[in-house]
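For reference, the structure discussed in these notes is given below.
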Amino acid sequence: MSGLENLSERDKAVLRSIFDPTVTIAANVVDEGDNFVEEDEEPTTDATKASVSLCAEGVCLAEAGKLEEALSVMNRGVDADPDRAAAYNDRAQLLRLLQKDDDAMSDLERALQLTTGRKTRARALALCQRGVLLRKRGNDDAARAAFAEAANLGSGFAKKQVVDMNPYAALCNQMLSQVMRGEKEIKL
């Protein structure tokens, strides 16, 4: 018996953080995955049903590598219900794959406008994609803010990004790890 069997989950998280300088205690304590505050409740109108169907078809085409064809179908999905935030999220992801980041950002801004004041999955996903694009552009402060809002809405991906983007947590974990390994000189 190693004695580790009787440790609490928090104790195990502390030990993991000591031996892996890239992990923080918070990263191991928070829930894995998503836990959205509110579920998206889309209307059951014919327009919404058409948008959902077209966007699903677009995703299948994109997964098959038919990106331009997928974009055409996604455009029709957005046109079918221009007030459906999830359609803009889907198309933004495809636009990112096509390296059309400015167009993707426009779609994400529209999705965020449509979800203003709501705490839904669609808003969290738009914020996550926005954070990725902002980080790619080197705007880490705005990216961190987008990820923080998405994390508060229940996105597991965003929670991880917030932790990963915290330079102080990484430095503290690195120093603690070096101390625990008995290294003589701490490199800053």
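Applying the criterion of being modelled with pLDDT of 90 or more and in contact with a Gly (Cβ under 6 Å, 6 or more places away or on another chain) to the residues of segment 17-57, the residue that is surrounded by the fewest Cβ atoms within 10 Å (Cβ to Cβ) is Leu54.
Annotation note: Cβ proximity below 7 Å between a residue of segment 42-68 that is in contact (Cβ under 8 Å) with a residue 12 or more places away in the chain and within 12 Å of Ala87 (Cβ to Cβ) and a residue that is among the basic types (Lys, Arg) and not in a helix (DSSP H, G or I) (sequence gap 6+ or interchain) occurs for Glu42/Arg84; Thr48/Arg84; Ser51/Arg84.
In the set Leu153, Leu134, which member is over 23 Å from Ala50 (Cβ atoms) and touching a strand residue (DSSP E or B) at 6+ places or on another chain (Cβ under 8 Å)?
On the way: Leu134 fails: touching a strand residue (DSSP E or B) at 6+ places or on another chain (Cβ under 8 Å).
Going through Leu153, Leu134 in turn, just one is over 23 Å from Ala50 (Cβ atoms) and touching a strand residue (DSSP E or B) at 6+ places or on another chain (Cβ under 8 Å): Leu153.
The set of residues in segment 154-168 that are more than 13 Å from Asp140 (Cα to Cα) and surrounded by 22 or more Cβ atoms within 10 Å (Cβ to Cβ) comprises Ser155, Ala158, Lys159. Taking each residue of segment 109-121 that is touching a residue at least 60 places away in the same chain (Cβ under 8 Å) and farther than 10 Å from Ala86 by Cβ and looking for partners that are of a type outside the set (Asp, Glu) and surrounded by fewer than 20 Cβ atoms within 10 Å (Cβ to Cβ) with beta-carbon atoms closer than 7 Å, six or more apart or interchain, yields Lys119/Val37. Taking the criterion of being assigned to a helix (DSSP H, G or I) and charged (D, E, K, R), the residues of segment 45-81 that qualify are Asp46, Lys49, Glu57, Glu63, Glu68, Glu69, Arg76, Asp79.
The values are calculated or read from the model by the stated rules, or taken from the named source; none is laboratory data. Please read these numbers as outputs of a predicted model, since none were measured by experiment. In this analysis, Cβ positions are derived from the backbone assuming ideal geometry, glycine residues included, and neighbour counts consider all displayed protein chains.
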